[in-house]
Structure formats: C-alpha cells, structure tokens
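Written below as structure tokens is the structure these notes are about.
The values are calculated or read from the model by the stated rules, or taken from the named source; none is laboratory data. Just so we're clear, the structure is a prediction, and the values are computed from it rather than from any experiment. Don't worry about glycine lacking a Cβ; one is built from the backbone with ideal geometry, like all the others, and counts go over all protein chains shown.
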Amino acid sequence: MTIGTKFLLARYADCAFWLGRYMERAESLARILDVNLHFSRDSRGSQNWRSIVQLNADEERFNKAYDVASYANVVHFYALDRDNPTSIISAIRSAKENARSLRPMISTEMWSHLNVFNNLTNALTPDDLKPSELSRVCAFIKEECQTHTGITEGTFFRDQSWFFYLIGRQVERADQTTRLLDIKYHLLLPADQRVGSPVDVSQWNALLRSVAGYHAFRRVHPRGMSPKQVATFLLFNMSFPRSIALCLSEIDGHLHHLKTGFGLRAGNISMELLDEARAALAGHNQDSVVQFGLHEFSDYLQRQLIAITAAVRQEFCGVVPDSDAA
Amino acid sequence: MNDGVDLLTAYDRQGHWCEMLGGDGAPAEHASMVRDRLGGLTLSDLVRRSEVAERELYNLGITFTVYSERDVIDRILPFDVIPRIISPRDWDIIERGSKQRVNAINLFLHDVYHDAHILKDGTVPAELIYGNAYYREQMRGIAVQHGSYVNVCGVDLVRDQFGQFKVLEDNARTPSGVSYVVENRHMMQRTFPDLRAEIGIRPVSDYGQKLLEAVADLAPSEVQDPQVVLLSPGVFNSAYFEHVFLAREMGVPLVEGSDLLVENDRVWMRTTAGMAPVHSIYRRLDDAFLDPEVFNPESMLGVPGLFGAYAKGNVGLANAVGTGCSDDKAVYAYMPRIIRYYLDEDPILDNVDTHICREREGLAYTLSNLENLVVKPVGESGGYGIVIGPRATQEEIDDIRVKLEANPANFISQPMIDLSVCPTLIDGMIEPRHVDLRPFVVTGQSCWVLPGGLTRVALRRGSLIVNSSQGGGSKDTWVLEP
C-alpha cells in the first residue's frame, strides 16, 4: 500500500508554504511594532506612527477605519484588527487556518500549540497594548512564534511539505528584512543630512536589537556603527539568519533539494527568479547599494520575492497567479 | 483521602438499568473493580481531572467547528470522565449481532441493485426502496468488490430496563464519531491511569489500520499496491477533525474534491510531481455531492466523472453509492425479516418493537396509543422531528396525529424504551444519565467490529436524546478482555 511520503498533494504544498510565511510574519510584525515603539520614544511624536502605515501602503485601509494615526489606533490596526489582513492577529489566524488544512501532515504538537497560541492572542485586548505593555506583548508573540519554530523543527516529518514550509518562512523573512530596512530609510531619506547623526545611530542600534542582530553585528564590527554598515550587514552577511543574502541562499538550497531529493521537475522559473535576485545582490557592495538607493533596492527585492512566491505556487501547486491574495 | 465517604454512595440509578450498578437483581459484577476505585476518589479530584481533560481536548483541537461570518469557533463534544464498561459476554452478543446485521444489509443491497428478489416477492414493499430519496438507480447492475457495500456501519444500540441490547437504527452511509472513541481512550489513559490499572481493556487504537485494509480491499483487483485517499468536504465540514484523524491513522492523503480529477474514467490526484493515480476512496461526502455530472449538479465538493470511474470498476468507494436506502427508518422496521430472508437465522440483536404506519394495523395501533409511543419520521436523522408521546403536550400529540393521518407512510412508532443510565459527572455531582452505544463495523473482504464504540450520553436530566446536536456528550467505552 502506498502511504505518506511518495506524493505530496499540491494543495498541501501551498498550505505548508503559507504556514511558514504567516508564522514568520507574525513574529516580524511583533518585531516591527516593538522597534517602532523604540523609535517613537525619541520625541518624534505621532509622525512615526503614520509612517508605518505609509510604509506598508496601508493608508487607504487605515483611514477608512480610523480617524487619526494615534499610537492607540496604529498599534490596534497592526496588532488586533481582524479586518486588517496585515495585523498580527490576522497572521496568526491565517497560520492556524493553513495549519487546519495541513493537519493531516503536521504533528499534533504543532497543531495544539498553534491552537492555544491563537486562542491566547484572541484574548488580547486594547488594554494589553498600552505603551507600558506593548513591549511585553510583542515579546510574548515573538516567543510563541519561536516555540512554534522549535516544535516544528523537532516534530515535522521531513517530506516535501517541510521544504515548502521552509521556503515560505525564508521568503517572508527576507521580505520583512527589506521592510525593516525601509522603515529606517523611509524615515530618514527626506532629510538625508541627518544620516549618521547620533539620534540616527541609536535608532539603527534599536533596529539591530529588534532583529536580535546587535551582538551579531558587534562580532563583525567590534567598533563603531554607521547606517551603511548596518544596512550592509542586513543585506549581505552570510551568517546572520535574517540577512537577505542568507535567506535567498537557503531558499535556493530548498528548491534544489526538492529537485534532487524528491525528483520534482517543476521549479525552473522559481529558480531563475531567485538567481536574478541573488545576482543583483552579489553585484552590489556597501557603497553601490547606497548610491543606487536603499529604498529602491528594497523595493526591487520585495517585487522579486512576490514574483518568486507566484512562481513557486504556480509551478508546484498549480495556483494560477492572482487567483487569490497573499 | 476521601473522608471515608464512597463517591457513589449517594448515587441513585432511579430505577433504570445502570451500566455501572446493573438492574434489579442483576448487579454489574464486571464493573465492580472500577466502581470501587471510582468510589475511592474524592469529588474534587474527579472534577479537577475532568476539567483538565476538557481543556486538553480543546487545546488538542479535538473539536467540531462552527463558522460564523467572521469567526471560526471550535467546540468540543462534552466529555464525561466516568467510563461505560461492557462485559465480555455482552460484547460477544453485540459483536456477533452487528456482524450479522451488516452481512444481511450487504446481501440486501446487492439484491436491491441486481435482481431485487426481496422486492419482487413482496417481503419488503418495493415502493419503500424505489421511493426512497437515497435509492440510486445508477447503481443497478454495478459490481461492488466482495459484495461489500457498507464498509463502515454504525449500529446504534440502546439497552432497556431488563438489560437487553436493542438496535435503534443502522447508519450505513457515512457514520461519524469513531475519532471520539479513540481520542476518549487516549484522554482517559492520560487523566485516569489509576482507574484502569491492571484491568484488561480491549484496545481501540488499530481502527485506522483495519479501515485502511478494508478500503484497500475495494481497489481494482489488478492493482498490487493501491493508493487510498480520504475524500472530505473540507475544513468547513463540522466533522473535519474526524477526517483529519482518520487520514492520519490510515496514513493516507486527505483530499478535497478539487484535489482529484477524472480522465478516461480513471481517478488522479494533483501532486507537486504532477498527477498520481488513486485506486480507492474512503469518502466522507454524501452520494448527492460525489459527482455533479451524475448527482447534484450544483455540487462544488465532488469530482466530475467520479461515478463513471466507479461504475467501470477503476476506483473503489467506501461506502458504496446508494447504501442510504438500507438504513432508513422505514426499512429498519423490516430488518428482522431481511436477516431471516438472506441468512435463515434469527436476529442476534433485536429491533425495538416497531409499528409501521404505512401498514394498516400499524397506523391504527399508533393512532390509538399516541400517548405511550415514540413517533419518528422515517426520513430524518439527528433526533429531529421525534415526538415522545409520554412527554408530549396535548398540542404536540394533536399535531402529530394530523401529520400521521395525512402521510402515514412517513412514520414509524415504537414503545418508549427506558434507556439504561450511567453515572455521569454533572455540575460537580454524580447523577444518572441515559446512554446509547454505537459500535463501528468495518467490512472489506472480511468483517471486523471495533471492540469499543461511541457511548453517547444525554447530559440533560431525564433526556433520552443523545445526539450531539441536542446536548449530548460522550464517554470512553471499555470492553473488557474475556
């Protein structure tokens, strides 16, 4: 009797990809909220909160639901708003719904944890998001996401679905790193004379800490911290788990494994797009990328990641592009 | 530990047959060890462990799902921690009786869809079958592997005040609930290891493998290594947890209609490596939704062309198409005659006495005894539309009288059975609550009964209706080793 490992339903591959993406997204959203809490502390006032909304191109939806871009509104919009598909609570709910479809494939422990996590986040109230509490709540979400990662690492059967899960996670992680970089440059570019000022360095410092990258950065650069160095670190470092270069390299490894380890013939377009992105990355160094424009480069990478997502889903899962939204 | 007060001292079975204490003059010896251990627990301990168990069921997602417009709500089937215990002697009757019944139903279905002897000679009225909403003319003349139409059957049993098991109904389409049988056992193993220590309880954990074997038996005989799948309506189905559970236990893909396609009368599934063949399907989808080309054309859940592949013998389906004409309440009334007809044996498990209102005597008896009878519409399930005479208001009696006179063939009636009770934890007290039992019979080439079954319990005081849609819960069911 044929059981289990020989085939992977195309639909399961898609669900695994999105489970990986949404859990990573929940974690990153918590990180971004947290880092913005830090930014808002340096007397820039509400402008920072409006900027997150602009950055995510969410202004139209935000304005429909809220009258002012206050701390409370923006934090609610990104943390608890069920009608906002890019909120933390929506990401966790979407992760759970993908996991529900994937339940025959994932471990009971993965499902159970996600189920409980989802119930805990559903119980959060606006009171939990007060400035005094937000950091704690963000830490809770990060830790639960990391627990998920640990349970998954320890229990997920290493068939094809595991690799689709990992591809989803790495695509999202790369995407979120480009957004983190962009938050920073978005804030600073209009007044480029401020780049390198002391305030600026403290913000880069906060950003690095939010991605658990401060000490890693220090191992590469024991002294000093320039925006250029931080950006370079987040883009090119091959040892930092959230760098774009490492994420893309890991996606490449997973796609190759699907081809060689499982004999899948699909994936050529995905690989081509990935190669393009990696070549673009390799063609830059810390000076050229700043000259080119960090915002423009982040934008290019984001578009390339969207294209890779569409290609993976189309080639392996038979999902026609634009047939549903991310 | 418990102040010397036995937990069950205050328990009163209130004159009913009790699964833990027995009935008048018949103590339930087989349950004495569990009864003593239970009696030695404190009520607070029992309550605490019960809460742990319910929370764990919820966290593990052993739930049915209710969808509202914006929320997804998971609910657990209420679980009672006091087990229902069945003696080896009682089990022997249940097991043999259930197999006999499924055997007769399979012979009946084969006959109905081939030469229809039993209808032609009038043993069963032909219009009962041909007028039945679940009769499928398309099945006529189609060969079913091993003549095995009903591969999974749930035989609903009740126990009367004399301790006799009687069949209340057969579920020959897509009976559900077996996941609770297995998960309830796991839950009891975790929360009450002390209650079951040193007691030989027959295992229920190999259900998935037995089901896989039976479904694989239905694949085309030339296929050496059949690919089995479980076909589910999808995550929106309230029994989705059970579909997941069974797919995992069987080690087969859980597919939805859109994952399958039929080409040249062969069934394929869409995988990351392209199309892969499918040889046998455990489907948890009603006949009407299976194939929009043959049945309900509106169905988005099914697979166009599936019935064609099935009719050609290229794919097995469990259960077969068209089994619903055998488990109808009207046909049920004829089941003792059906058993004698094909097997030349007396039924091992009796029906509840049933008056067939389509027959003149049955209708007359029913109309003149409405206050004492339970009247059931034949086409309904889930406990809907039932009128319990002794508990009905005059208005309800008048209403059912009108309905009976207008359309007698739509009804059967039965005496009110005093269902057995089981001690049950209700709001921190142990009280008697009525229970039934659904054993699961799995049939491919051969026939096997899961030694256990779903004990459903009516949690409302005095209620006889155990369906989960009407406030029922479940208990772990222990069949003792002989």
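The one condition from (1) out of contact with any strand residue (DSSP E or B) (no Cβ under 7 Å at 6 or more places or on another chain); (2) crowded, with 19+ Cβ neighbours inside 10 Å that B:G316 does not meet is (1). When the strands (runs of 3 or more DSSP E) confined to region B:194-299 are screened for residues that are within 13 Å of chain A (Cβ to nearest Cβ) and within 27 Å of B:S326 (Cα to Cα), those reaching at least 1 such residues are found at B:228-231, B:280-283. Among the residues making up region B:119-177, none is in contact with a helix residue (DSSP H, G or I) (Cβ under 6 Å, 6 or more places away or on another chain), of a type outside the set (G, A, S), part of a helix (DSSP H, G or I) and closer than 26 Å to B:V449 by Cβ. Across region B:50-68, the qualifying residues are those that are within 14 Å of chain A (Cβ to nearest Cβ), of a type in the set (S, T, N, Q) and over 17 Å from B:G177 (Cβ atoms), and the one among them that is nearest to the chain's Cα centre (by Cα) is B:N59.
Here's the yes/no breakdown for (1) farther than 28 Å from B:F64 by Cα; (2) of a type in the set (V, I, T); (3) out of contact with any His (no Cβ under 9 Å at 6 or more places or on another chain); (4) at pLDDT below 95:
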{"site": "B:R190", "(1), (2), (3), (4)": "no, no, yes, yes"}
{"site": "B:P193", "(1), (2), (3), (4)": "no, no, yes, yes"}
{"site": "B:I199", "(1), (2), (3), (4)": "yes, yes, yes, yes"}
{"site": "B:R202", "(1), (2), (3), (4)": "no, no, yes, no"}
{"site": "B:G208", "(1), (2), (3), (4)": "no, no, yes, no"}
{"site": "B:L212", "(1), (2), (3), (4)": "no, no, yes, no"}
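Among residues of region A:292-319 that are at negative phi and free of Cβ contacts under 8 Å to residues at least 12 places away in the same chain, those with a beta-carbon under 8 Å from a residue that is crowded, with 16+ Cβ neighbours inside 10 Å and part of a loop (DSSP other than H, G, I, E, B) at least six positions away or on a different chain give the pairs A:F292/A:H284. Would you confirm, using the coordinates I've provided, whether B:L260 is buried (at least 19 other Cβ atoms within 10 Å of the Cβ) and under 26 Å from the mean Cα position of the chain (by Cα)? Spelling it out, it is not the case that B:L260 is buried (at least 19 other Cβ atoms within 10 Å of the Cβ) and under 26 Å from the mean Cα position of the chain (by Cα).
Of all residues in region A:61-84, those satisfying the criterion of being modelled with pLDDT of 90 or more and not hydrophobic (A, V, I, L, M, F, W, C) are A:R61, A:N63, A:K64, A:Y66, A:D67, A:N73, A:H76, A:Y78, A:D81, A:R82, A:D83, A:N84. Which of the residues belonging to region B:131-146 are surrounded by fewer than 20 Cβ atoms within 10 Å (Cβ to Cβ) and modelled with pLDDT under 95? Selection gives B:G131, B:N132, B:A133, B:A143. A single entry from A:S249, A:S243, A:S298, A:S270 fulfils the requirement of being closer than 28 Å to A:A212 by Cβ, crowded, with 18+ Cβ neighbours inside 10 Å, hydroxyl-bearing (S, T, Y) and at pLDDT 95 or above: A:S243.
Among residues that are of a type in the set (K, R), without any contact (Cβ under 8 Å) to a residue 24 or more places away in the chain and over 30 Å from B:E345 (Cα atoms), B:R75 is included. For region A:56-80, filtering for residues that are part of a helix (DSSP H, G or I), surrounded by 17 or more Cβ atoms within 10 Å (Cβ to Cβ) and of a type outside the set (F, W, Y) leaves 6.
In this structure, B:V155 does satisfy being crowded, with 21+ Cβ neighbours inside 10 Å, under 22 Å from B:M416 (Cα atoms) and under 21 Å from the mean Cα position of the chain (by Cα).
In the set B:V47, B:V102, only one residue is touching a Gly at 6+ places or on another chain (Cβ under 7 Å) and either within 14 Å of chain A (Cβ to nearest Cβ) or assigned to a helix (DSSP H, G or I) (or both); that residue is B:V47. Scanning region B:420-450 for residues that are surrounded by fewer than 22 Cβ atoms within 10 Å (Cβ to Cβ) and not acidic (D, E) yields B:L425, B:I426, B:G428, B:M429, B:I430, B:Q445, B:S446, B:C447, B:W448. Please indicate, with yes or no, whether at least one residue in region B:61-84 is modelled with pLDDT of 90 or more, surrounded by fewer than 18 Cβ atoms within 10 Å (Cβ to Cβ) and of a type in the set (D, E, K, R). Looking through region B:61-84, none of the residues is modelled with pLDDT of 90 or more, surrounded by fewer than 18 Cβ atoms within 10 Å (Cβ to Cβ) and of a type in the set (D, E, K, R). Considering only region B:317-329, I want to know if a residue exists there that is assigned to a helix (DSSP H, G or I), out of contact with any Phe, Trp or Tyr (no Cβ under 6 Å at 6 or more places or on another chain) and within 30 Å of B:L260 (Cβ to Cβ). Checked against the condition, which is being assigned to a helix (DSSP H, G or I), out of contact with any Phe, Trp or Tyr (no Cβ under 6 Å at 6 or more places or on another chain) and within 30 Å of B:L260 (Cβ to Cβ), region B:317-329 yields no hits at all. What's the total number of residues in region A:221-274 that are in a helix (DSSP H, G or I), among the aromatic types (F, W, Y) and within 22 Å of the chain's Cα centre (by Cα)? The qualifying residues number 2. One residue stands out among those in region A:5-35 that are within 14 Å of chain B (Cβ to nearest Cβ) and under 14 Å from the mean Cα position of the chain (by Cα): the one that is surrounded by the fewest Cβ atoms within 10 Å (Cβ to Cβ), which is A:W18. If you check B:Y149, B:Y113 for being of a type outside the set (D, E), modelled with pLDDT of 95 or more and over 21 Å from the mean Cα position of the chain (by Cα), only one passes: B:Y113. Counting only residues that are in a loop (DSSP other than H, G, I, E, B) and within 14 Å of chain A (Cβ to nearest Cβ), region B:69-90 holds 3 of them.
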